[in-house]
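We did not get these values from a lab; they are worked out from the coordinates using the rules stated. Predicted model only: the values in this text are computed from it and were never measured.
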Amino acid sequence: MSDQKISIDFSGDYGGQPSRFRVGRWIADTRTGELRDGEDLERLEPKCMELLRLFVGQPGEVLSREHILAAVWPDVLVADDALARSMFKLRRALGDDAKAARYIENLPKRGYRLIATVQRVHPDDD
């Protein structure tokens, strides 16, 4: 499998979309909400998985707070810290650090972007 970045379209429901993908060292399973790396297992809350799906669908793209809020919390008015809390939880699960990002980079006053490599995972891969 190559290390090139790919874009995976996760818009809408899961029907017909890849349910598993590799992001950095982790294999994410959208059906179970799990991240796996060998024996390491992290379980993501649903909104954290939605956030990861959004980033994986647009790797390398800068996503504004407004775009993220509209995509992950559509038609819902949420407190300003909802994104910050979910981003903290996602980064913690990935083993990422906002100050030395390896997965999700914060661009002050602009938004966030996924900087980790993304790959499709086929059923027989792990």
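Show me, for the range 112-122, the HN-Hα J-couplings you get by feeding each phi into the Karplus relation (A = 6.51, B = -1.76, C = 1.60, θ = phi - 60°), rounded to Hz, glycine and proline as x.
So the J values, rounded to whole Hz, are 10, 8, 7, 10, 7, 6, 10, 9, 5, 10, 8.
Can you list residues whose amide H is under 5 Å from GLY111's amide H, if they're 5+ apart or on another chain and H is modeled 1.01 Å from N?
Placed amide hydrogens put nothing under 5 Å from GLY111.
Taking amide H positions as placed in the peptide plane 1.01 Å from N, state which residues far from GLY95 in sequence (5 or more) or on other chains have amide H under 5 Å from it.
Hits under the 5 Å cutoff: none.
So what are the ³J(HN,Hα) numbers for the range 21-26, from phi and the Karplus equation (6.51, -1.76, 1.60; θ = phi - 60°), rounded to whole Hz, Gly and Pro as x?
Karplus-based 3J(HN,Hα) across the range 21-26 equals 8, 9, 10, x, 8, 9 Hz.
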